[in-house]
Each structure stands twice: as C-alpha cells, then as structure tokens.
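Q: Quick one: the structure is below, questions incoming.
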Amino acid sequence: LEEAGIDKDTKYTLRARIINNGKIIKQFISKTFKGSDLRNGRIAFTKRWKPGKLWDIHTPQNTYRLDLSLLEAGGKVLDAGYPVRFGFRELWIDGRDFFLNGTRIFLSSVPLDNAQIGAALANYDAALESMKRLKSFGINFVYTHNYGCEPGSHLSFEEILKILF
C-alpha cells in the first residue's frame, strides 16, 4: 500500500460523479475507509440510482460519464481515474423474443472484423462507414472477436467501440 501512496491508517473516501452534457447530475460518496480496509489493493462501494434516460439503438446519445476520485478525509482529491462513458439499458428474453427497454427488438447479427483485417479499417471513420453499410441492408447488431492474446496479434477495438455509443 505504501508504494502506491496509500497509508494503512489514513482515512479516505471515494467520490463518484455522474456527468451529463458537462453537468454533474448525481454524486455518490463512499463510507470512510482506511488503507488497511483494502483487499488485494481494492475496495468497492455501491449506490442505487435510476437514470432519467435509457440507452438503446434509437437513443445512442443517452450516455453518461463517470468520474471517480479518491479523497482524503478533508475532501482533497488525491487521485482520479480516467472518465468512463456508459449507458443504462434493460435487456431480457421472453421465449424467442428479445426486449430492449420494454420494446421487442429484432436482431440481425454479423461479426465486425475491422480490427482483424488491418489498421486502415480499425479507425473511427472506417468503422463508421462499415456500420453504415451494414445498417443499409438491415444489420442492427454486431459482435467482435479475436483469437490469441499475444502482443500485436490484433488491433484495438477502442475506435470501433466509440461508434457504438
């Protein structure tokens, strides 16, 4: 813990801020904990919250940003994680039917292999073009895959995943 700058006897809190369009719409503060409370260098906290808007295929803009910070007892920010973009949705299956946010959805799926083909197709613009082409003939659901985890065996999905949000 000391090598990470966390003192086992110091009191800390975590602060999670939910941001939408640059405005804080919800904030959660964890219970106070000591560095000695960490297990394998980690601690977790949960809070209940129902968002005002759900993400789905017709409202991809309905996403939020999470900013998570480690605070000392006085409230000073000691560290902050990278912002994380996310959305809420509810998906369930009833028999052979899929429902997304209460509406029956028909999924037509193919693999999206842009990252497997090469760097020229794994960037944002190329991935967007692929998605538009697939959408033009009825594909509304894609999946990605890769085989092997050796460094350099496949490209990043980061730019491709930006299309999906």
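The values are calculated or read from the model by the stated rules, or taken from the named source; none is laboratory data. No experiment lies behind these values; they were computed from the predicted model shown. Glycine also receives a Cβ, built like all others from the backbone with ideal geometry; neighbour counts cover every protein chain displayed. Please note that ligands, DNA and RNA were not included when accessible areas were found on the heavy atoms of the full protein model with its side chains. Shrake-Rupley method; radii C 1.70, N 1.55, O 1.52, S 1.80 Å.
Q: Report Rg(Cα)/(2.2 N^0.38 Å) for region 1-51, keeping two decimals. Write out the running numbers ahead of the final one.
A: Working: Rg = 13.7 Å, N = 51, 2.2 N^0.38 = 9.8 Å.
Ratio of Rg to 2.2 N^0.38 Å for region 1-51: 1.39.
Q: Then there is this: Work through the residues other than residue 62 whose Cβ is under 11 Å from its Cβ and net out their charges, Lys, Arg +1 and Asp, Glu -1. Walk me through the intermediate numbers first.
A: Numbers: positive: 53, 89; negative: 56.
Local charge sum for residue 62: +1.
Q: Per residue, how many Å² of accessible area does region 46-165 show with a 1.4 Å probe? Mind showing how you got there, number by number?
A: Values: 8630 Å² over 120 residues.
So region 46-165 comes to 72 Å² accessible per residue, rounded to a whole number.
Q: Moving on to the next point. Multiplying the sequence separation of residue 68 and residue 11 by 0.36 nm and subtracting their Cα-Cα distance, what value in nm do you get? Each step should come with its number before you reach the end.
A: Values: separation 57, 0.36 × 57 = 20.52 nm, distance 1.70 nm.
This chain segment gains 18.8 nm when fully extended.
Q: Separate question: When we measure straight from the Cα of residue 8, which aspartates and glutamates land under 16 angstrom away, once same-chain ones fewer than 8 places off are left out?
A: Cα-Cα hits under 16 Å: 37, 72.
Q: Over region 41-165, what is the mean sequence separation of C-alpha contacts under 8 Å (at least six apart), divided by residue count, expressed as relative contact order in percent? Could you put the intermediate results ahead of the total?
A: Details: 142 pairs, mean separation 24.2, N = 125.
Rounded, it is 19 percent for region 41-165.
Q: Please list the equivalent ellipsoid semi-axes of region 37-86, computed as the square roots of five times the alpha-carbon gyration tensor eigenvalues, in descending order and whole angstrom.
A: Details: eigenvalues 164, 34, 25 Å².
Over the Cα atoms of region 37-86, the ellipsoid semi-axes are 29, 13, 11 Å.
Q: Let me ask another. Sorted by packing (mean other beta-carbon atoms within 10 Å per residue), highest first, where do 54-63, 86-95 land? Numbers along the way, then the final one.
A: Numbers: 54-63: 14.7, 86-95: 10.9.
Put in order of decreasing packing, that is 54-63, 86-95.
Q: Okay, moving on. Roughly speaking, what is the stretch gain from residue 119 to residue 61, that is 0.36 nm per residue apart minus the C-alpha to C-alpha distance, in nm to one decimal?
A: Details: separation 58, 0.36 × 58 = 20.88 nm, distance 2.67 nm.
Here the answer is 18.2 nm.
Q: Give me the percent of accessible area attributable to carbon and sulfur for the chain, probe 1.4 angstrom.
A: Working: 6330 of 11880 Å².
C and S atoms contribute 53 percent here.
Q: Which entries in the list 31/53; 11/76; 50/132 go over 23 Å, if you measure between the two C-alpha atoms of each? All intermediate terms of the calculation are to be shown ahead of the outcome.
A: Values: 31/53 28 Å; 11/76 12 Å; 50/132 32 Å.
Result: 31/53; 50/132 exceed 23 Å.
Q: If you don't mind, another one. When only Cα pairs under 8 Å and 6 or more residues apart are kept, what is the percent relative contact order across region 14-99?
A: 27
Q: Still on this structure, I have one more. How far, in nm, would the chain grow between residue 42 and residue 158 when pulled straight, counting 0.36 nm per residue and subtracting the alpha carbon separation?
A: Values: separation 116, 0.36 × 116 = 41.76 nm, distance 2.55 nm.
Using 0.36 nm per residue and subtracting the Cα-Cα distance, I get 39.2 nm.
Q: Still on this structure, please answer the following. Going by alpha carbons, how many degrees (0 to 90, nearest 10) lie between the helix axis of 124-136 and the longest principal axis of the chain?
A: The helix 124-136 is inclined about 50 degrees to the chain.
Q: Please report, in cubic angstrom per residue, the volume enclosed by the convex hull of the alpha-carbon atoms of region 24-158.
A: Working: hull volume 27.9 nm³, N = 135.
That works out to 207 Å³ per residue.
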